Amino acid sequence: MLDFTFCNPTQFYFGRGTQQKAGELCRAYGHKALLHYGGGSVVCSGLLDEVKQSLKQADVSWAELGGVKPNPRDTLVYEGIELCRKEGIDIVLAVGGGSVIDSAKAIAIGAKYGGDFWDFYTGKATVEDILPLGVILTLPAAGSEVSPSSVVTKEEGLLKRFCDSEKMRPLFAIMNPELTFTLPPYQTACGAVDMMAHVMERYFTNTPEVDVTDRMCEGILRSVMKYARILMKEPNDYDARANIMWAGSVAHCDILGVGRQQDWSTHMMEHELSGLYDVAHGAGLAVMFPAFLKYQAPYHVQRVAQFAVRVFGVSMDFEKPERTALEGIKLLEDFYRGIGMPTSFKELGAKEEDIGIMAEKCLLNNGDMLGYFHPITRKEIADIYRLACQ
Ligand code: NZQ
Ligand code: ZN
């Protein structure tokens, strides 16, 4: 196991009615909030009105900026930064899913920076300061309510890039599973795929003797699959929603990733898909993860076989462990299909002729190779995209 430091300062307020705490939680950081939200789900559900009521009661005024699109864009971030400066915003409150939270993070760091906020996403600048940031989560998936990351797409050139800083972990995360009852099955499924991918990016490692986190990862993967299957039939099952919601945060707060080398190449490859075709991140991952594993299995047959045995209950073939590994990958694909996810380029609407450009963009600002499990070159990235076409 590797050395590590780990601190997750986010305060969680989990359960029914917790959104009513928004006002008092914001009030601890000042008198004026930026209410940031997406394309209207929080308006339709009545959540936004409830949050405004709570702010009013706590003597917090607000400016609002809605309209965050899935795969959030830099253009709205610039607007948000201007608004924060003009209105003298004390705290940014994100109300929505990962895209809203990521956009809010970008605004919160951009408002405290003299240059172009995009510098943080190209590695030209590191985050020194940030406006206080709180979250009301409506979609368990990206884990942004607890992660130190933000992913934003630059309209020009459709470059989807991430920025990491411990300063970007939200101060508080309000998580009421009932707020997720309105999610369509497709978004619920995309969320399950994404949180599983966050676990698997950590699970497929070269670091030996990490049994504690291995077992934690395997347990979370099994639970997410169990509750995702239930939610496809029973979208209003509170306990299934609650377990999935907490799994999303556990998957990406990094408690599962400490002390081990992590890969993340599948996420980099997926970001090119959702950047170029504007597809849901989770759907892109359902296409890319099996392809990644098929490519990696010959290099790491024991670990992929362990995954198959412990997560999917495949019997270990000691003579031909590669059979066990491939069976596990097949069962992962079956699970994705079972919850209505695409597993090929065609089903996603991606085009084989774009593979060259995507493989090139993957490595932009990222060196010559992606990942650590078996690190992949530009040619290998293209080979994995091709596997995803089948
Ligand atoms: O925009 P609204 O109207 O709110 O609708 C959203 C959106 O259309 C809808 N939705 C959200 N909550 C809902 C709801 N619909 C009904 N009921 C609710 N309760 O869901 C749609 C998708 O929302 P989005 O926020 O885009 O989804 P998600 O949470 O999956 O976030 C995806 C983004 O997060 C990034 C992805 O790349 C992608 O851009 N990621 C961020 C990470 C991070 N910051 O740590 C890590 C991830 O790996 C990921 O890359
Ligand atoms: Zn993800």
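Give just the number: which of (1) of a type in the set (Asp, Glu); (2) part of a loop (DSSP other than H, G, I, E, B); (3) open to solvent by less than 50 Å² (accessible area, probe 1.4 Å) does Glu209 not satisfy?
For Glu209, the exception is condition (3).
Among the residues of segment 31-55, which ones are part of a loop (DSSP other than H, G, I, E, B) and either touching a strand residue (DSSP E or B) at 6+ places or on another chain (Cβ under 6 Å) or of a type in the set (Ser, Thr, Tyr) (or both)?
Selection gives Gly38, Ser45.
Only one of (1) exposed (fewer than 15 other Cβ atoms within 10 Å of the Cβ); (2) in contact (Cβ under 8 Å) with a residue 24 or more places away in the chain; (3) not in a helix (DSSP H, G or I) is not met by Thr5, so which one is it?
Unmet for Thr5, out of (1) exposed (fewer than 15 other Cβ atoms within 10 Å of the Cβ); (2) in contact (Cβ under 8 Å) with a residue 24 or more places away in the chain; (3) not in a helix (DSSP H, G or I): (2).
Pick out the one residue from Val279, Val287 that is surrounded by 24 or more Cβ atoms within 10 Å (Cβ to Cβ) and closer than 20 Å to Val151 by Cβ.
Exactly one residue qualifies, and that residue is Val287.
Rundown of residues vs (1) surrounded by fewer than 22 Cβ atoms within 10 Å (Cβ to Cβ); (2) among the polar types (S, T, N, Q); (3) within 14 Å of ligand 2 (Cβ to nearest atom), yes/no style:
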residue: Gly115; (1), (2), (3): yes, no, no
residue: Phe120; (1), (2), (3): no, no, no
residue: Leu137; (1), (2), (3): no, no, no
residue: Glu145; (1), (2), (3): no, no, yes
residue: Pro148; (1), (2), (3): yes, no, yes
residue: Glu155; (1), (2), (3): yes, no, no
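Suppose we filter segment 178-196 for residues that are near ligand 1 (Cβ under 8 Å from one of its atoms) and either within 22 Å of Asp254 (Cα to Cα) or modelled with pLDDT under 95 (or both); how many remain?
Number satisfying all stated conditions: 3.
Glu218 - would you say it is touching a residue at least 24 places away in the same chain (Cβ under 8 Å), of a type outside the set (A, V, I, L, M), surrounded by fewer than 24 Cβ atoms within 10 Å (Cβ to Cβ) and closer than 28 Å to Val43 by Cα?
Against the criterion (touching a residue at least 24 places away in the same chain (Cβ under 8 Å), of a type outside the set (A, V, I, L, M), surrounded by fewer than 24 Cβ atoms within 10 Å (Cβ to Cβ) and closer than 28 Å to Val43 by Cα), Glu218 does not qualify.
What do you reckon, is Val68 in contact with a Ser or Thr (Cβ under 6 Å, 6 or more places away or on another chain), away from ligand 2 (no atom under 16 Å from the Cβ), hydrophobic (A, V, I, L, M, F, W, C) and in the same structural domain as Pro148 (by TED's automatic domain parsing)?
For Val68, the condition - in contact with a Ser or Thr (Cβ under 6 Å, 6 or more places away or on another chain), away from ligand 2 (no atom under 16 Å from the Cβ), hydrophobic (A, V, I, L, M, F, W, C) and in the same structural domain as Pro148 (by TED's automatic domain parsing) - is met.
Could you go through segment 160-170 and let me know if any residue there is aromatic (Phe, Trp, Tyr), open to solvent by 20 Å² or more (accessible area, probe 1.4 Å) and within 16 Å of ligand 2 (Cβ to nearest atom).
Checking segment 160-170: at least one residue is aromatic (Phe, Trp, Tyr), open to solvent by 20 Å² or more (accessible area, probe 1.4 Å) and within 16 Å of ligand 2 (Cβ to nearest atom).
Assess whether Met268 counts as being in contact with a strand residue (DSSP E or B) (Cβ under 6 Å, 6 or more places away or on another chain), modelled with pLDDT of 95 or more, surrounded by 17 or more Cβ atoms within 10 Å (Cβ to Cβ) and within 17 Å of Pro184 (Cα to Cα).
So Met268 does not fit the description; no.
I'd like to verify a number: residues in segment 72-99 that are open to solvent by less than 10 Å² (accessible area, probe 1.4 Å) and touching a His at 6+ places or on another chain (Cβ under 9 Å), how many?
Within segment 72-99, residues that are open to solvent by less than 10 Å² (accessible area, probe 1.4 Å) and touching a His at 6+ places or on another chain (Cβ under 9 Å) number 6.
If you scan segment 319-333, which residues turn out to be closer than 24 Å to Asp194 by Cα, open to solvent by less than 60 Å² (accessible area, probe 1.4 Å) and not β-branched (Val, Ile, Thr)?
Ala325, Gly328, Leu331, Leu332, Glu333
Is at least one residue of segment 162-171 within 21 Å of Leu276 (Cβ to Cβ) and not assigned by TED's automatic domain parsing to the domain that holds Asp239?
Yes, segment 162-171 contains at least one residue that is within 21 Å of Leu276 (Cβ to Cβ) and not assigned by TED's automatic domain parsing to the domain that holds Asp239.
Among the residues of segment 33-42, are any more than 29 Å from Leu276 (Cα to Cα) and open to solvent by 10 Å² or more (accessible area, probe 1.4 Å)?
No, there is no match, as no residue in segment 33-42 is more than 29 Å from Leu276 (Cα to Cα) and open to solvent by 10 Å² or more (accessible area, probe 1.4 Å).
Could you run through segment 291-318 and say how many residues are surrounded by fewer than 23 Cβ atoms within 10 Å (Cβ to Cβ), touching a residue at least 40 places away in the same chain (Cβ under 8 Å) and closer than 30 Å to Gln187 by Cβ?
Residues in segment 291-318 being surrounded by fewer than 23 Cβ atoms within 10 Å (Cβ to Cβ), touching a residue at least 40 places away in the same chain (Cβ under 8 Å) and closer than 30 Å to Gln187 by Cβ: 3 in total.
Taking interchain pairs and intrachain pairs at least six residues apart, which have beta carbon atoms under 8 angstrom, with the first residue in segment 352-380 and in contact (Cβ under 8 Å) with a residue 60 or more places away in the chain and not assigned by TED's automatic domain parsing to the domain that holds Lys294 and the second open to solvent by less than 50 Å² (accessible area, probe 1.4 Å) and of a type in the set (A, V, I, L, M)?
Close Cβ pairs (under 8 Å, with a partner that is open to solvent by less than 50 Å² (accessible area, probe 1.4 Å) and of a type in the set (A, V, I, L, M)) do not exist here.
Determine whether Leu159 is among the hydrophobic types (A, V, I, L, M, F, W, C), under 17 Å from Gly284 (Cβ atoms) and more than 16 Å from the chain's Cα centre (by Cα).
Criteria met by Leu159.
Can you tell me which residues in segment 133-173 are closer than 21 Å to Glu50 by Cα and away from ligand 1 (no atom under 13 Å from the Cβ)?
Gly134, Leu171, Phe172
The values are calculated or read from the model by the stated rules, or taken from the named source; none is laboratory data. None of these values were measured; they are calculated from a predicted model. Cβ coordinates were reconstructed from backbone atoms using ideal geometry, including for glycine residues, and neighbour counts include every protein chain displayed. Surface areas here come from the heavy atoms of the whole protein model, side chains and all, with no ligands, DNA or RNA. Shrake-Rupley method; radii C 1.70, N 1.55, O 1.52, S 1.80 Å.
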